[in-house]
Amino acid sequence: MNMEGAGQNPSLSRPLVFADHRTQSTFDQIPIIDVQSIYSKDPSVRRALADEIRDACINVGFFYVKNHSIPPATLNKTLSAAKQFFSLPLSSKAPLDIHKSPNFKGYTALLGENTNPENRGDLHEGFDIGWEETSGSTRANDGAMTGQNVWPEDLPGFREDVLEYYHAAVHLGKALFPIFALALDLPEDFFDDKTTKPAAIMRLLYYPPQTGNVDDRVEGIGAHTDYECFTILWQDQIQALQVLNTEGKWIDAVPIPGSLVVNLGDQFARWTNDIFKSTVHRAVNRSGVERYSIPLFFGTDYDVKLEALPSCVSEDRPAKYEVVTAGDYVKSRLEATYAHSK
Ligand SMILES: O=C(O)CCC(=O)C(=O)O
Ligand SMILES: [Fe+2]
């Protein structure tokens, strides 16, 4: 194999700088990947899965995962909790407003967020939480993102149900990190010391239907990229999510029962100097009925520096991004998203 361009990483067998050549192609479909083998003890099985994921990361930035092992009952409980929460009167939700939190936890009202600066606000309500043990302890020392979750007082069982899915999704995310490392031809444990205290933000999202005369600058969630390494998204069966391909065409991420969507975010784009794609997406709910989704954004620990991997940098392809810590980066992106409703 031609090792030229392998950068400063002598152990790299397939120089990732060359992988970029394949990204001239576009995509019309989002691949479906069976992730049952993430827990396999057989290295060749894990390598095969990593190769499939590598392809999706380089060419699409999105893939569905099936056989992800999160029990449907866990999901259903969280979905019911979300439905109950969003149907509360505004007077019960407003005290939890995200603007009152030092670290962007709590409730986002309709039009409270504006992910696409060209738009007038996003037509969804949201509820954001970060890491919390079921026993109640949270962490100190999360740098820019330090702070507590806030919970509604008048919904018994809500916190427990939401945390059950949160922990299940974090477990899946922890199992995916070694596969992403393999996909980058890194040792499988590369991210272990960078994900010691999961920096994972989960959101419950509610999208009312947009009917009648629709203002094109009000979308469920405007065109954006995600901020962390990757997102694990549960969506209900209502079509709304769309992904922008390299020809500028919106591709529907059609809901597939039992699957989750995984998409890469800007932290991975920074680690890989844009070889892994953080693909633009949006959600527009013109179905006539309500829609719910639950993204979990999984990044590295907030004190970790986001720095391009040597294998993704070469003389022809210098590092594109300045080095920042994950916490400062996520916080700055959240500040921009919520600035318009301050
Ligand atoms: O609701 C969805 O399908 C997408 C949500 C999303 O893109 C986000 O919250 O970043
Ligand atoms: Fe997103």
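The values are calculated or read from the model by the stated rules, or taken from the named source; none is laboratory data. Since the structure is predicted, the reported quantities are computational estimates derived from the model, not experimental observations. FYI the Cβ positions are ideal-geometry reconstructions off the backbone, even for glycines, and counts take in every protein chain you see. For the accessible areas, the whole protein counts, side chains as well, though only heavy atoms, and no ligand, DNA or RNA atoms are used. Shrake-Rupley method; radii C 1.70, N 1.55, O 1.52, S 1.80 Å.
Quick notes on this structure:
- Among the criteria (1) within 30 Å of K83 (Cβ to Cβ); (2) open to solvent by 20 Å² or more (accessible area, probe 1.4 Å); (3) away from ligand 1 (no atom under 12 Å from the Cβ), the one K277 does not fulfil is (1).
- Residue in region 190-198 that is within 16 Å of ligand 2 (Cβ to nearest atom) and either surrounded by fewer than 18 Cβ atoms within 10 Å (Cβ to Cβ) or at pLDDT 95 or above (or both) present: no
- Residue within region 258-265 that is within 9 Å of ligand 1 (Cβ to nearest atom) and open to solvent by 10 Å² or more (accessible area, probe 1.4 Å) present: no
- Scan region 235-256 for residues that are within 13 Å of ligand 2 (Cβ to nearest atom), of a type in the set (A, V, I, L, M, F, W, C) and surrounded by 19 or more Cβ atoms within 10 Å (Cβ to Cβ) and the total you get is 4.
- Residue count, region 217-234 (criterion: outside any strand (DSSP E or B), over 25 Å from H167 (Cα atoms) and either within 12 Å of ligand 1 (Cβ to nearest atom) or open to solvent by less than 50 Å² (accessible area, probe 1.4 Å) (or both)): 2
- Taken together, the residues in region 326-342 that are open to solvent by less than 40 Å² (accessible area, probe 1.4 Å) and either modelled with pLDDT of 90 or more or aromatic (F, W, Y) (or both) amount to 5.
- Residues (hydrophobic (A, V, I, L, M, F, W, C), in contact with a helix residue (DSSP H, G or I) (Cβ under 8 Å, 6 or more places away or on another chain) and either surrounded by fewer than 23 Cβ atoms within 10 Å (Cβ to Cβ) or assigned to a loop (DSSP other than H, G, I, E, B) (or both)) located in region 110-130: L111, I129
- Taking region 243-342 as the region of interest, the strands (runs of 3 or more DSSP E) fully inside it that hold 2 or more residues being of a type in the set (A, V, I, L, M, F, W, C) and out of contact with any Lys or Arg (no Cβ under 7 Å at 6 or more places or on another chain) are 250-252, 260-264, 291-299.
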